[in-house]
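Data first, discussion second: the structure below is written as structure tokens.
Every number here is computed from the coordinates shown, using simple stated rules; none is lab data. Keep in mind that what you see is a predicted model, and the values were worked out from it rather than measured. With ideal geometry, Cβ positions are generated from the backbone for all residues, glycine too; neighbour counts draw on all protein chains shown.
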Amino acid sequence: MSIASTLGLGSDRKVRYAFVALGDITQEAMLPGVRHTGNSEIAALVTGDPEKALGVGEQYGITDCYGYEQFGELLSSGKIDAIYLATPNWRHAEFAIPALEAGIHVLVEKPLEISSEKCRAIMEAEKASSARLMVAYRLHFEPATLATIELVRSGKLGELIAFNSTFAQMVDPENHRAKNGVLAGPIFDMGPYPLNAARYILNDEPTEVVSAVGTRHPEAGLGDFDDTVAVTLRFPGNRLAQFVLSYYGNTLDTYTVIGTEGSVEVNPGFMYGKPLEQFITLGDKQSHESFKNTDHFGGEMKYFSDCILNDRDPEPDAEEGYADVRVLEAIVRALETGERQVLQPFTRTRRIDTDAQEERLSAQRSPELVNTSNPGKGKEKVPKN
């Protein structure tokens, strides 16, 4: 029996999602994208802020609202088929595991969790469940990203030598990311982007964290963690990946892939809400392509719902989330000890399918945010009452 039949879903039905945690990413990006997926709908909201539940519920006509302590009640209500999980990183297992145990599908924001141990617990829960889990790697469905992967796979760049990236934003000291130490800092918050990109570009897994160096800028007004971190990873085949993460730099998100016969820079490369662009050099010939801005969030939800309705396993699964977290853990250890960290051998069993995963939903306008704000310093804030 298919998953669609088990849930009572037909080809004309939609996957009913509960949105767990109504922070900036949920309100600003994910909720606005649901309406044009064609196969998903908002069924319930979960938050610890009743005022937020009321305000967001009014925007989308949703009256089924639950506190975190009522999550079990929601899971057994029969009102939902899946959850979108966007709590702080260290609370993902807390909600993902009981959802999977209840047969409820899980779309969870990255990173999957903050330790390999918790990731493995989630993976075991999914293995024992009839439900599926996907990690919200939105760029796995974004046209510029997939075009870059195809360029690399074509061999036009020659033998790949190095991957280099910078991802920076000026984080507001009042944002929760600035108040919860290393687990909410740039390594776990921004690190998955260049790390995941290095892994899908080089089509392999790193063998060691060569170095991780951090700095703190008192004038940034941030918490007790390194606000800027530089990382070097070694990959098989004498390839290196390096990236800088910062909560105290002017906005920049770019990565460059260098080969023996060419290179490609994607700039912007990670952010949503604007077109991503490629700058390609093959020998001495240069070209540029700008890709249309798309709805990354609606696209990934559409893909996941399609997997649910058609009984298919999603590509950015729990193993993909684990593959990043094991490296993020090692980066933290290297930062704390000043020593290189050798990674245990690991083989990813699945890679991005560029033909099957591209989504081109049109970009959506963000609504007024309720009791939350964008993390960027200087951005318009919504006061907390």
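Here segment 201-240 is treated as an ellipsoid with the same Cα gyration tensor; its semi-axes, largest first and in whole Å, are 30, 9, 7.
What angle do you read, to the nearest 10 degrees and between 0 and 90, between the alpha-carbon axis of helix 50-60 and the longest principal axis of the chain? For 50-60 against the chain, the angle is about 90 degrees.
From helices alone, the chain scores -8000 deg cm²/dmol at 222 nm; the rule is -39500 (n - 2.57) for each run of n ≥ 4 DSSP H residues, then divide by the residue total. The Rg/Rh ratio for segment 235-385 is 0.99, where Rg is the radius of gyration of the alpha carbons and Rh is the Kirkwood radius.
The shape of segment 109-188 can be summarised by an equivalent ellipsoid whose semi-axes, obtained from the alpha carbon gyration tensor, come to 29, 24, 13 Å from longest to shortest.
Taking other residues whose beta carbon is less than 13 angstrom from the beta carbon of Y68, and scoring Lys, Arg as +1 and Asp, Glu as -1, yields -2. For R326, the shell of other residues with beta-carbons less than 13 Å away shows a net charge of -3, using +1 for Lys and Arg and -1 for Asp and Glu. The aspartates and glutamates within cross-link reach of K118, meaning a Cα-to-Cα straight distance under 16 Å and a gap of 8 or more places when in the same chain, are E94, E101, E109, E126, D317, E319, E320, D324, E329. Using the alpha-carbon atoms, what tilt in degrees (0 to 90, nearest 10) does helix 318-337 show relative to the longest principal axis of the chain? Here the helix axis deviates by roughly 60 degrees. Dipole magnitude for segment 138-188: computed about the Cα centre from +1 point charges on Lys and Arg Cβ and -1 point charges on Asp and Glu Cβ, it is near 80 debye.
Pairs with C-alpha atoms separated by more than 31 Å, drawn from the list K14/K127; K79/K302; K52/K292; K14/K179; K14/K156; K127/K156, are K52/K292; K14/K179; K14/K156; K127/K156. Rounded, prolate or oblate, given the Cα gyration tensor of segment 113-253, with a/c below 1.5 counting as rounded? Taking the square roots of the gyration eigenvalues as a ≥ b ≥ c, segment 113-253 is oblate. Considering only GluC sites (Glu not before Pro) in DSSP loops that have at most 15 other Cβ atoms within 10 Å, the longest stretch of the chain without any of them is 1-158. For segment 213-288, what does the alpha-carbon gyration tensor say about shape, rounded, prolate or oblate, given a ≥ b ≥ c as the root eigenvalues, a/c under 1.5 as rounded, and a/b over b/c as prolate? It comes out oblate by the Cα gyration axes. Of all DSSP-defined beta bridges confined to the chain, some 60% are antiparallel rather than parallel. Are there trypsin sites (Lys or Arg not before Pro) in segment 31-135 that DSSP puts in a loop and that have at most 15 other Cβ atoms within 10 Å, and which ones? Loop-located and lightly packed - R35, K79. The residues neighbouring V244, those whose beta-carbon lies less than 12 Å from its own, together hold a net charge of -3 under the Lys/Arg +1, Asp/Glu -1 convention. Annotation for segment 164-221: trypsin sites (Lys or Arg not before Pro) lying in DSSP loop with at most 15 further Cβ atoms inside 10 Å of their Cβ are K179, R216. Near the amide H of V15, within less than 5 Å, lie the amide hydrogens of S40, E41, all on another chain or at least 5 residues away, with H placed in the peptide plane.
Across the chain, the relative contact order, built from alpha-carbon pairs under 8 Å that are at least six residues apart, equals 21 percent. Both the radius of gyration and Dmax for the chain are 20.3, 62 Å, in that order, over alpha-carbon atoms.
Alpha carbon centre of segment 142-174 versus segment 215-248: separation in Å? Between the Cα centres of segment 142-174 and segment 215-248 lies a distance of 17 Å. Rounded to whole Å, the principal axis extents of the Cα atoms in segment 23-101 read 29, 28, 23, largest first. Across segment 288-385, the mean sequence separation of Cα contacts (distance under 8 Å, 6 or more residues apart), normalised by length, yields a relative contact order of 34 percent. Against the longest alpha carbon principal axis of the chain, how many degrees, from 0 to 90 and to the nearest 10, is the axis of helix 296-309 turned? Its long axis makes an angle of about 60 degrees.
Of all the options G283, G249, G38, the one that moves most in a Gaussian network model of the chain with Cα springs shorter than 10 angstrom is G283.
Is the shape of segment 173-233 rounded, prolate or oblate, going by the alpha carbon gyration tensor and its root eigenvalues a ≥ b ≥ c, with a/c under 1.5 for rounded and a/b larger than b/c for prolate? It comes out prolate by the Cα gyration axes. Can you give me the Cα centroid spacing of segment 9-74 and segment 322-345 in angstrom? Between the Cα centre of segment 9-74 and that of segment 322-345, the gap is 35 Å.
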